[in-house]
Amino acid sequence: MIDIAIQIVNYNTKKYLVNCLAGVISDLNDSSISYKILVADNASQDDLRDLEEKYRDVAFYYSQKNTGFGVGHNFLAKKAESKYILILNPDLKFLEPRTVERLFSYIEKGIKDRIAVVGPKLLNTKGVQIWDHGVQDGAFAWFVNKIGGSHWRNDKEGKNVAWVSGGVFMILREVFNQISGFDENFFLYKEEEDLCLRLRNKGYKIMYLPDIKVFHYGSVVASKDKFFDVSNKYFLEKHFGGKGLITYLVISIFNKLKHKFLNKIIYPK
């Protein structure tokens, strides 16, 4: 069994995928970690034959339709045997040496403490990327999490959080399989929050590691506005709908207002 299966789902993002593959392979040069890279193309218009030729050790798979983020990664997760899975978006750029190795080292040491997922700090052209994780500590974060929302802070130290970004995170395969991977009812957005919430409900920890940094272009596949509301509605119905119709409606309205108005005040662009 290899140490890490590195999974990438591509949809019309070849210009980013080229650099992502080169970056992760370079990052693992001279590492003792055993790994396999798997790429699923979600019926995009990209011609990846040149990449197949260049990277003979990378496994490429092709879907006949765009199945979405979670379905693509669940498919890839069945194609390799490994202790860990590293989820990567193609629009990532490695900034520091030994990024994968440092994620791997942290999660390996944390198994005994029920750490199941680790994720780095994400940067973009504006600096720190907002929403690369959701915090749990603090009264406001506690309240927002309790009603199905999320809260972000520019944390400088590693901590146990509510979730980390699906742009890049490492997860123990055993627990990924235990919860049957991503919920395939999410097409795009919120699936990592759902996965992390299900893990936390089973007593596992999600660790955010801001001392490890990765560049993320973000929103290169589709506009967030196109899919976020549908995914958020399903997330709320799944995890909070049982609290009763009135409570659910209050939660939905609060989160909609927070997303459209309050977030712009707390997290100005």
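The values are calculated or read from the model by the stated rules, or taken from the named source; none is laboratory data. All values derive from a computational prediction rather than experimental measurement. Glycine gets a Cβ as well: all are built from the backbone with ideal geometry, and neighbour counts include every protein chain shown.
Structural remarks
- Exactly one residue out of 226, 205, 233, 190 is at pLDDT 70 or above and exposed (fewer than 14 other Cβ atoms within 10 Å of the Cβ): that is 226.
- When residue 76 is tested against (1) under 18 Å from the mean Cα position of the chain (by Cα); (2) more than 20 Å from residue 17 (Cβ to Cβ), only condition (2) is not met.
- Members of segment 23-61 found to be of a type in the set (A, V, I, L, M) and within 18 Å of residue 86 (Cα to Cα), listed by number: 24, 25, 28, 33, 37, 38, 39, 40, 58, 59
Residue-wise test of (1) at pLDDT below 95; (2) of a type in the set (Lys, Arg).
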site: 48; (1), (2): no, no
site: 54; (1), (2): no, yes
site: 75; (1), (2): no, no
site: 105; (1), (2): no, no
site: 111; (1), (2): yes, no
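- Of all residues in segment 31-77, those satisfying the criterion of being over 20 Å from residue 185 (Cα atoms) and part of a helix (DSSP H, G or I) are 49, 50, 51, 52, 53, 54.
- Of the residues making up segment 96-143, just one is surrounded by fewer than 17 Cβ atoms within 10 Å (Cβ to Cβ), among the aliphatic types (A, V, I, L, M), touching a residue at least 40 places away in the same chain (Cβ under 8 Å) and closer than 22 Å to residue 27 by Cβ, namely 123.
- Residue ID - surrounded by the most Cβ atoms within 10 Å (Cβ to Cβ), chosen from residues in segment 38-90 that are free of Cβ contacts under 8 Å to residues at least 24 places away in the same chain and among the polar types (S, T, N, Q): 63
- Selection from segment 154-190 of residues that are touching a Phe, Trp or Tyr at 6+ places or on another chain (Cβ under 8 Å) and in a loop (DSSP other than H, G, I, E, B): 155, 158, 165, 166, 182, 185, 186, 187, 188, 189, 190
- Yes/no for residue 219 being of a type outside the set (Phe, Trp, Tyr) and more than 14 Å from the chain's Cα centre (by Cα): no
- Enumeration of residues in segment 126-156 that are within 24 Å of residue 20 (Cβ to Cβ) and modelled with pLDDT under 95: 126, 127, 128, 129, 130, 131
- Test: residue in segment 157-177 that is touching a helix residue (DSSP H, G or I) at 6+ places or on another chain (Cβ under 6 Å) and at pLDDT below 95: no
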